[in-house]
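Participant: Questions regarding the structure given below will be posed in turn.
Computed from the coordinates by the stated procedures, all read-outs in this text should not be read as laboratory data. All values derive from a computational prediction rather than experimental measurement. Don't worry about glycine lacking a Cβ; one is built from the backbone with ideal geometry, like all the others, and counts go over all protein chains shown.
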Amino acid sequence: MKILIPLPTYGFDPTETSVSWKIIHDAGHDVFFATENGAIASPDEIMVTGEGLDPWGFIPAIKKIKLFGMMLRAHAGARAACEEMQHNAQFRNPVCYSDLLVDDYDGVVLPGGHDKSIRPYLESAVLQKFMVDFFEKKNPNDLHKPVGAVCHGVVLLARSISTQTGKSVLYGKKTTALTWSQEKAAWNLTRYFLRFWDPLYYRTYPELANDPSGYRSVEQEVKRALASNDDFLSVPTDSANHGLKTRNLARDSLNDSKPAWVVRDGNYISARWPGDVHTFAKAYVELLSEQ
């Protein structure tokens, strides 16, 4: 099958993108890429190298000395997958958002990122319209083609408003995404202790003067697009391995899904953060096998 991964020109999360790519690609599917203007995309280098995630990261002479950066950057397997992906022919020849046609692809995966540079990806009216068309073209079972979204990728869907209904393509669906507790924990860690000279690095959209706390977080924006707040699914308190799934310390792997939280609703699959992405991508491949 032909699977599309749209990306921002700079700042995509290396784990969410490259692990998804590798698992889908290794399962035998053709994976294609798109960027706003057809330029080759680049990952968030801070998440690749870890440079700039230590309290001294703003000092040129010593910023390459990494301590917390080694722990917070993408894990080794994700970094290796990212390097492999960046040498892939399809990755190096992306199409423009404006050239995307629904009939050209059998599925779409939307990764995230958190640096301000991903805003054009999240705000692209062209990409939002494409996703509306992708959702609205149904198969004989009244299902859209398979769509997967992780973290801020869910925001893109929340903003994809159908002209037929006036509502988001996620309206009436169950989903998860980066939770406010996860986003706030990463933000607090960096703004107070690590990357204090750039306190909004982990907030793609910080609150405005009169906004309540968390109003512009991923979770709250996505909830505003749903039919009900109850359609945003967090890890249930009675879930097996609840602690692993919610402490934000453990990440899943190819052979260990216990830390992951992935939600499926029909032909739509969502996940919260890089720690879910192996399980997310495997679930997406399984979904493709059912089509």
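Participant: Work out the FRET efficiency for residue 37 and residue 242 from their Cβ-Cβ distance, taking R0 = 51 Å, and round it to the nearest 0.05.
Facilitator: Here the calculated transfer efficiency is 0.70.
Participant: While we're on this one: So which residue, out of 35, 17, 237, gets the largest mean-square fluctuation from a GNM of the chain using Cα contacts under 10 Å as springs?
Facilitator: Maximum among the listed residues: 237.
Participant: Sticking with this structure for a sec: Per-residue HN-Hα couplings for region 89-102, Karplus 6.51 cos²θ - 1.76 cosθ + 1.60 at θ = phi - 60°, whole Hz, x for Gly and Pro?
Facilitator: Result, rounded to whole Hz: 4, 5, 4, 7, 9, x, 9, 7, 3, 5, 9, 6, 10, 4.
Participant: Report the calculated FRET efficiency for residue 45 and residue 89 (r = Cβ-Cβ distance, R0 = 22 Å), to the nearest 0.05.
Facilitator: Plugging the Cβ-Cβ distance into 1/(1 + (r/R0)^6) gives 0.45.
Participant: While we're on this one: So which residue, out of 175, 163, 15, gets the largest mean-square fluctuation from a GNM of the chain using Cα contacts under 10 Å as springs?
Facilitator: Highest fluctuation of the listed residues: 163.
Participant: Next up: Can you give the extra length, in nm with one decimal, that the chain gains between residue 215 and residue 30 once fully stretched, where that is 0.36 nm per residue apart less the Cα-Cα distance?
Facilitator: Residue separation times 0.36 nm, minus the Cα-Cα distance, leaves 62.8 nm.
Participant: If you rank 72, 100 by fewest surrounding Cβ atoms within 10 Å, what's the result?
Facilitator: The order, fewest Cβ neighbours first, is 72, 100.
Participant: I've got another one for you. Given H placed 1.01 Å from N in the peptide plane, which residues other than close sequence neighbours of residue 95 have an amide H under 5 Å from its amide H?
Facilitator: 33, 34, 35
Participant: Another question, then. Have a look at the DSSP beta bridges in region 2-289 and tell me what percent are antiparallel, nearest 5.
Facilitator: The antiparallel proportion sits near 25 percent.
Participant: Quick check: net charge around residue 98, other residues with Cβ under 15 Å of its Cβ, Lys/Arg +1 and Asp/Glu -1?
Facilitator: Residues close to residue 98 contribute a combined charge of -4.
Participant: Could you please state, rounded to a whole Å, how far the C-alpha centre of region 203-271 is from the C-alpha centre of region 120-181?
Facilitator: Spelled out, the Cα-based centre of one part sits 16 Å from the other.
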